[in-house]
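A.B. asks: Sharing a structure, written as structure tokens. Questions coming.
The values are calculated or read from the model by the stated rules, or taken from the named source; none is laboratory data. Everything numeric here is computed off the predicted structure, so don't read it as measured data. Neighbour counts run over all protein chains shown; Cβ positions are idealised from the backbone, glycine included. To get the accessible areas, we keep the full protein, side chains included, count just its heavy atoms, and leave off ligands, DNA and RNA. Shrake-Rupley method; radii C 1.70, N 1.55, O 1.52, S 1.80 Å.
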Amino acid sequence: MLLKLGGMRATLSVLAVRRACCQYRSAHTSPQAVEYKPIKKVMVANRGEIAIRVFRACTELGIRTVAVYSEQDIGQMHRQKADEAYLIGRGLPPVAAYLHIPDIIKVAKENDVDAIHPGYGFLSERSDFAQACADAGVRFIGPAPEVVRKMGDKVEARAIAIRAGVPVVPGTDAPISSLQEVQEFSNTYGFPIIFKAAYGGGGRGMRVVREYEELEENYQRAYSEALAAFGNGALFVEKFIEKPRHIEVQILGDKYGNVIHLYERDCSIQRRHQKVVEIAPATQLDPHLRDRLTADSVNLAKLVGYENAGTVEFLVDKHGKHYFIEVNSRLQVEHTVTEEITDVDLVHAQLRVCEGRSLPELGLKQDKIRINGYAIQCRVTTEDPARGFQPDTGRLEVFRSGEGMGIRLDSASAFQGAVISPHYDSLLVKVISSGKDLPAAAAKMSRALAEFRVRGVKTNIPFLQNVLSNDQFLFGTVDTQFIDENPDLFNLKPVQNRAQKLLHYLGHVLVNGPTTPIPVKAKPSSIDPVVPTVALGATFDVAMRFLCECPWKRLQELRSLLPNVPFQMLLRGANAVGYTNYPDNAVYKFCEVAKENGMDIFRVFDSLNYLPNMLLGMEAAGAAGGVVEAAISYTGDVSDPMRQKYSLDYYLKLADELVKAGTHILCIKDMAGLLKPEASRLLIGSLRDRFPDMPIHVHTHDTAGAGVAAMLACAEAGADIVDVAVDSMAGMTSQPSMGAIVACTKGTKHNTGLSLEKVFDYSEYWEVTRGLYAPFDCTATMKSGNADVYENEIPGGQYTNLHFQAHSMGLGNKFKEVKKAYVEANKLLGDLIKVTPSSKIVGDLAQFMVQNSLTRAEVEERADELSFPLSVVEFLQGHVGIPHGGFPEPFRSKVLKSLPRIEGRPGASLPPMDFQALEKQLRDTHGDDITPEDVMSAAMYPKVFQEFKEFTTAFGPVDCLNTRLFLDGPKIAEEFEVELERGKTLHIKALALGDLNKAGQREVFFELNGQLRSVLVKDTVAMKEMHFHPKALKDVRGQVGAPMPGKVVEVKVKEGQKVEKGQPLCVLSAMKMETVVNSPLSGTVAKVYVNADSSLEGDDLILEITE
């Protein structure tokens, strides 16, 4: 099939065609006298790895080298590899500099350059450049200008192929100039068709059109791409061959008419018509087809008098028929694989041919060219396969290549510290492997790619590894649809990058301080305890929020280390482990997952002792197969007959309901440490009398200092379990002393059986450990316990937190006022049981009162206009449940105004959570490495989980760091080891901290396993100092300022919007407390000064309202 050879529009017979071809060939291949002129100096009019490739060949042949570079390439390696280097294209855009022929010729003339090698891309196929070289008396290392012109014009090259008897794909005879011509062609040959740039390649300007409706858009896009890439938007159109193999033949000609081939390469693995992996020779290629391909290539080259290196490209359809595509009149990117299988240095040959040597003189005769094994080339690029191969840019923080037997690397700026710019091709390094057969070459390539370590930018290495392990690639044949038809190639193995991420974290701490908010300015102890192998528990959200660890992983590790010890967790009833309400199925699911991960006992409580909430939690824990411990939160004083809201009768009736509901254990949860010895005897004694067979557990805090006496009284009254803390961690807002209880019960019927000596040893370890957490220690702001807890009833854990919060908000000197305000806030809210989250609600209101200098009476009076903390508003709406005795009125109605109210159990009205949809959303956001435990974490704390994932993406897992390094970072010159996993230990030394650069970054230098590493870290303090936020003027009525320091969570209004008095304007967050800022007046928003994530100080201007 010659595909309408009559398209030559002549009535020649076949004989006449052959005669014409012979005459044409004779005119271009007749021997001519050629003078041998040695080359002394070569310029490469290119950049990157191909420039270096040519420089190396020149150096081997004793030829001096000259590089040219653009202003953007000042730091690139190719200019350093040459003997001389000169700037070109000053003031021009990056690509335009390498296309500026006058500058290139000028540099060549001024520096006595004998010859110019064009490399590939840029000017390599521009006949005007080849002609400019000839006009300047500089040799062009490539074909003659006229041949470059003919081969570069795809339409003319096609006509020449027809004259040479080479099969071609049906297509236009000349570049098209209008959409109408395309429509006529498609009407004749049908779809699919393909647009191709007439004056360039590399996939640019190439568009496949499968339907008439896509024609106009793809025509415009192809034209624009061709124009931008080659300076000429001319296109031609061909019939598109479905699923062909892309086979190209390497040819080499000299000035004497000799042309040989160096066999073929298979370039079928392509993405968007750009080659990704190349193989030589082509696998499973019929020998007769190989002969036809090589013969046609040589004939075509001889027909035009081809000189130097070039490539003839073909498509081979599924029937084994081949069609000419084009001739690339230059060295190809993939020339390397041909060199590996033929042992011919193509660049050496190019240079010698340009000097005037003949191929036979160089020992290059067709019968001497043999195929030896197989070779594969992988183009490692800074492209992200997970994002459609989107190019990535940035600084190479780490570069370690794969090497060894059978591996060749051709690279340029692939080194640590190199900057990958967006201006040029994304090629980082070409990796070439060779072996006796394709599987052997693939094995070497896989091994080499696995050795690569590239950090700082994304690469396509995971994608290439998938290609190399694909059975079709290894044992079959691939076509140009290989990538599209193998979506599993995009199931990319995540790159761990643990070491570099860890350095980023340490650098961040060195520059900006701890990522975990430090309540006070105290340093962790420099003494590390001998850490036991057992980890400790932590509040669910604290693990993610402050320790930056997965709470589930911690539980799994504990369960593995302690397989036979019962584990207990706190379950906030319908609030699960959160501070808000969840759909019922979320609570059930959480308990199920917790039980599966090793939890045994679920201590279920509700911050208001709201029975419906508690019952839901008990049912969920029981359904999961857990031991249910129902906990009654204690407040007031049952021994005081004057305090009747929370009387003994109240607790006994509540206990009746819980026992009736099926609890396995009954617990008294005394979070404020209010149980006095007499109250302990009365309450526990009454419970024991009523429930003689029910295990009773008592939990308290020792804020007032009476905890030991109270717990001994509980034991005497019949308690089975009392909670204590090891001596070095006991007292104040913690639990009573373990050693004291053990010592006091020794020799009595309540003897614990514990050895005091072992208790003391255990305490000694924790005494050293406690020093590591000095910034969080209650003794940083508290020096003793305080019996005023019997008046303010602040829970032990909150007492410490509240103290730290007060310091962080500038109220450290007003903590006494905060405690008094806590009492008043509690009364305002109706005298609540104060356990998280109800204790937080009281604390938020207390700090709000102190921050704004408000008394209880003023709060009650101005309740309809104040911007209360969000927790207070939601409590009054009924989000937490119904408090014993009901909500306070008229305070509630004044605060809520027209806001909706929840009646009954808050979670009962919530729709079920769609866990499948949530998992899909998480996978879409974070990738497929999402576990059922991750889904649960996101269900409980969506924002905290999102921030945790962002942290681990940036810094990786940091649980391998010891506490001091995690909190405070290393000291300069400090050396330490970090064990990533068994058998993988990092030796790190912190070296130096660089100066602030223009981007607000500091370079932090480390030594990692003996190698210098550095990371760039944004200096958040320095950047913040450049920002000056205006303050709200108190005497200007329409200026709304931040009522407290914090971060803007949400802006609820826009400029020009009308607002009513009391309408929410924005939400602030500080230290886990959210505040809704309401409008103090009705009017129109004139200007907004903040956006989401803005960090504000107190009184910073949020917005202005005009009346």
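A.B. asks: For a Förster distance of 25 Å, can you work out the FRET efficiency between the beta-carbons of H423 and E950, rounded to the nearest 0.05?
C.D. replies: 0.25
A.B. asks: So how much slack lies between L1081 and T539, counting 0.36 nm per residue of separation and subtracting their Cα-Cα distance, in nm?
C.D. replies: Gain on stretching L1081 to T539: 191.0 nm.
A.B. asks: Largest first and in whole Å, what are the equivalent-ellipsoid semi-axes of the stretch 384-440 based on the Cα gyration tensor, each being the root of 5 times an eigenvalue?
C.D. replies: With the √(5λ) rule applied to the stretch 384-440, the semi-axes are 25, 15, 10 Å.
A.B. asks: If you don't mind, another one. Using a 1.4 angstrom probe on heavy atoms only, work out the carbon and sulfur share of the accessible area of the stretch 529-670 in %.
C.D. replies: 58
A.B. asks: Quick one, can you get me the convex hull of the C-alpha atoms of the stretch 343-394 expressed as volume per residue in Å³?
C.D. replies: Per residue, the Cα convex hull of the stretch 343-394 comes to 147 Å³.
A.B. asks: Next question. Could you calculate the FRET efficiency of T1106 with A917 from 1/(1 + (r/R0)^6), where r is the beta carbon distance between them and R0 is 51 Å, rounded to 0.05?
C.D. replies: Calculated value: 0.70.
A.B. asks: Taking only protein heavy atoms and a 1.4 Å probe, what accessible area per residue, in Å², does the stretch 558-694 have with all protein chains in place?
C.D. replies: I get 36 Å² per residue for the stretch 558-694.
A.B. asks: First check a/c for the stretch 733-784, with a ≥ b ≥ c the square roots of the eigenvalues of its C-alpha gyration tensor; if it is under 1.5, answer rounded, and if not, answer prolate when a/b is larger than b/c or oblate otherwise.
C.D. replies: oblate
A.B. asks: Label the stretch 974-1052 by shape, choosing from rounded, prolate and oblate, from the square roots a ≥ b ≥ c of the eigenvalues of the Cα gyration tensor; if a/c is under 1.5 it is rounded, and otherwise prolate applies when a/b is larger than b/c, oblate when it is not.
C.D. replies: Prolate shape, in that a/c is at least 1.5 and a/b is the bigger ratio.
A.B. asks: What whole-number volume per residue, in cubic angstrom, does the convex hull of the C-alpha atoms of the stretch 432-489 give?
C.D. replies: Roughly 94 Å³ of hull volume per residue.
A.B. asks: Could you work out [θ]222 nm for the chain from helices alone, using -39500 (n - 2.57) per DSSP H run of at least four and dividing by all its residues? Round to the nearest 500 deg cm²/dmol.
C.D. replies: One gets -10500 deg cm²/dmol as the mean residue ellipticity at 222 nm.
A.B. asks: On a 21 Å Cα-Cα criterion, which of the cross-link pairs K783/K816; K553/K971; K814/K840; K669/K820; K302/K436; K318/K444 come out too long?
C.D. replies: Beyond 21 Å: K553/K971; K669/K820; K302/K436; K318/K444.
A.B. asks: If I compute semi-axes √(5λ) of the Cα gyration tensor in Å from the structure I just sent, which labelled value in [x] 77, 31, 29; [y] 70, 45, 31; [z] 64, 33, 30 lines up?
C.D. replies: Read-out taken from this structure: [x].
A.B. asks: Also: What does the extension gain come out to for Q568 and T748, with contour length at 0.36 nm per residue minus their alpha carbon separation?
C.D. replies: Between Q568 and T748, full extension yields 62.0 nm more.
A.B. asks: May I pose another question? Could you tell me the distance between the Cα centroids of the stretch 832-848 and the stretch 88-160, to the nearest Å?
C.D. replies: Distance between centres, Cα-based: 77 Å.
A.B. asks: Would you please give the FRET efficiency between D924 and K523, computed as 1/(1 + (r/R0)^6) with r the Cβ-Cβ distance and R0 = 35 Å, to the nearest 0.05?
C.D. replies: Once rounded, the FRET efficiency stands at 0.25.
A.B. asks: In square angstrom, what is the accessible area per residue of the stretch 149-299 with a 1.4 angstrom probe?
C.D. replies: Computed with neighbouring chains in place, this is 37 Å² per residue.
A.B. asks: Ignoring ligands, DNA and RNA, what accessible area per residue does the stretch 904-1057 give at 1.4 Å, in Å²?
C.D. replies: 57
A.B. asks: When the Cα centres of the stretch 39-83 and the stretch 541-611 are compared, how far apart do they sit, in Å?
C.D. replies: When both Cα centres are located, 64 Å separates them.
A.B. asks: Round to a whole number: what % of the accessible area of the stretch 52-92 belongs to carbon and sulfur, probe 1.4 Å?
C.D. replies: Carbon and sulfur: 42 percent of the exposed surface of the stretch 52-92.
A.B. asks: Of the beta bridges DSSP finds with both residues in the chain, what % are antiparallel, to the nearest 5?
C.D. replies: 75
A.B. asks: Still on this structure, please answer the following. Between the stretch 181-220 and the stretch 436-493, how many Å separate their Cα centres?
C.D. replies: 31
A.B. asks: Right, another one. Within the stretch 965-1102, what whole-number % of the accessible surface is contributed by carbon and sulfur, with the 1.4 Å probe and all protein chains included in the calculation?
C.D. replies: Solvent-exposed carbon and sulfur of the stretch 965-1102 make up 50 percent of the total.
A.B. asks: Determine how large the accessible area of Y263 is when every protein chain is in place; take a 1.4 Å probe and give Å² rounded to the nearest 10.
C.D. replies: Here the residue's solvent-accessible area equals roughly 50 Å².
A.B. asks: Cross-link list K1031/K1052; K458/K501; K458/K949; K998/K1052: which exceed 24 angstrom alpha carbon to alpha carbon?
C.D. replies: Violating the 24 Å limit, Cα to Cα: K998/K1052.
A.B. asks: Right, here's the next one. For the pair K984 and R643, how long in nm is the line joining their label points, each one 7 Å along Cα→Cβ?
C.D. replies: 5.6
A.B. asks: Could I ask something else about it? Under a plain spin-label model, where a point goes 7 Å from the Cα along Cα-to-Cβ, how far apart in nm are Q481 and Q390?
C.D. replies: Between Q481 and Q390, the label points sit 2.9 nm apart.
A.B. asks: At 0.36 nm per residue, and after removing the present C-alpha to C-alpha distance, how many nm does the segment from E678 to V1036 gain when stretched out fully?
C.D. replies: Result for the pair: 123.2 nm of gain on full extension.
A.B. asks: Once you put a point 7 Å from the Cα of L1012 and another 7 Å from the Cα of E977, both along the Cβ direction, what distance in nm separates them?
C.D. replies: 2.6
A.B. asks: Roll a 1.4 Å probe over the protein heavy atoms and report the accessible area of T188 in Å², nearest 10.
C.D. replies: Surface open to solvent at T188 totals about 100 Å².
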